[in-house]
Amino acid sequence: MKSLPPAAWRALLRDALKEDLGREGDVTTRFFVPPDARLEFRVVSREAGVICGLEIAAAAFKACEPRARVTFLARDGARVVPGRAVLAVKGGRGLLTAERTALNFLQRLSGVASLTRRFADRVKGTRAKILDTRKTLPGWRALDKYAVACGGGVNHRFGLFDAAMVKDNHYGAGLEEGAARLRRAFPGMPLIVECDTAAQVTRALALRPTVVLLDNMRGPRLRREIRRIRALAPRVKIEVSGGVGLQDVRALARLGPDRISIGRLTHSAPALDLGLDLA
């Protein structure tokens, strides 16, 4: 996803603010900050990474402080260093009410983008692209996949509806018939077949798939299967997956797959450390 429509996050933001405000609202700001206070803040990165989610953060500030003036000092997808200000905001005390919600969105999405960038940088110079998975925070799929794109990754299928992916739990006697039924119903639908063994690769290639996914293969066995697929079906894309980490992603990429899918991009990315500082 190269853009993130507001419809993808408006309800999430509304619910997040409602959760934080509860029935009584921001009691700390109400009793400790004068109603006529004029405040100016900057959102500053405490560490190196990739920023993502600025528009959502701005919307959070404006939701709690309608007269807020927001200035973007970076763009989504930009690399940041410690001390880099990415957003400036001026307004009343409602800015303090929005602080945590704005930073929660910004820190999580920036964390996903930052981890993706680290993986993408590791495979530079190879043919491999870094892909995400469906292991996303429920309700956040569009946001998580947008963050992956901001970090230099490529989005896998969005859900169960836009590509068929045959995994080990789908294997059975009717594999060939299932592929035929899929093509009759959805002629252009991508077909991805996951394989753990050489025998499964042989069976997968007979289905004329779009992608063969080599799951949890390593070393000589993985190299051998990549070479075999290239020789027998040069148009089939090759994907590698299964426990891929920063320590081994480059070695895997050098074996020649087209895609490396990594669940931890979205299910385990640490939040980027950002703070709201008085300007």
Q | V244 crowded, with 17+ Cβ neighbours inside 10 Å and either of a type in the set (F, W, Y) or over 21 Å from R122 (Cα atoms) (or both) | A | no
Q) Quick one: in region 88-143, which of the residues that are outside the structural domain of G49 (by TED's automatic domain parsing) and at positive phi is surrounded by the fewest Cβ atoms within 10 Å (Cβ to Cβ)? A) G125
Q) Can we say D121 is at pLDDT 95 or above, within 27 Å of A11 (Cα to Cα) and within 22 Å of the chain's Cα centre (by Cα)? A) no
(Q) Quick test for you: out of L276, L214, pick the one residue that is farther than 30 Å from L106 by Cβ and not aromatic (F, W, Y). (A) L214
Q.
I'm told V112 meets every condition in (1) within 30 Å of K237 (Cβ to Cβ); (2) outside any helix (DSSP H, G or I); (3) touching a residue at least 60 places away in the same chain (Cβ under 8 Å) except one. Can you identify the failing condition by its number?
A. (2)
Q) Residues of region 60-87 being crowded, with 21+ Cβ neighbours inside 10 Å and in a helix (DSSP H, G or I), which ones? A) A60, F61, C64
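Rundown of residues vs (1) among the β-branched types (V, I, T); (2) within 22 Å of Y146 (Cα to Cα), yes/no style:
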site	(1), (2)
A8	no, yes
L12	no, yes
R23	no, no
T28	yes, no
Q.
Can you pull out every residue in region 166-180 that is in contact (Cβ under 8 Å) with a residue 24 or more places away in the chain and either crowded, with 17+ Cβ neighbours inside 10 Å or farther than 28 Å from L115 by Cβ (or both)?
A. V166, Y171, L175, E176, A179
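The values are calculated or read from the model by the stated rules, or taken from the named source; none is laboratory data. As the structure is a prediction and not an experimental result, all values here were calculated from the model. Note that we place each Cβ from the backbone using ideal geometry, even for glycine, and neighbour counts take in every protein chain shown.
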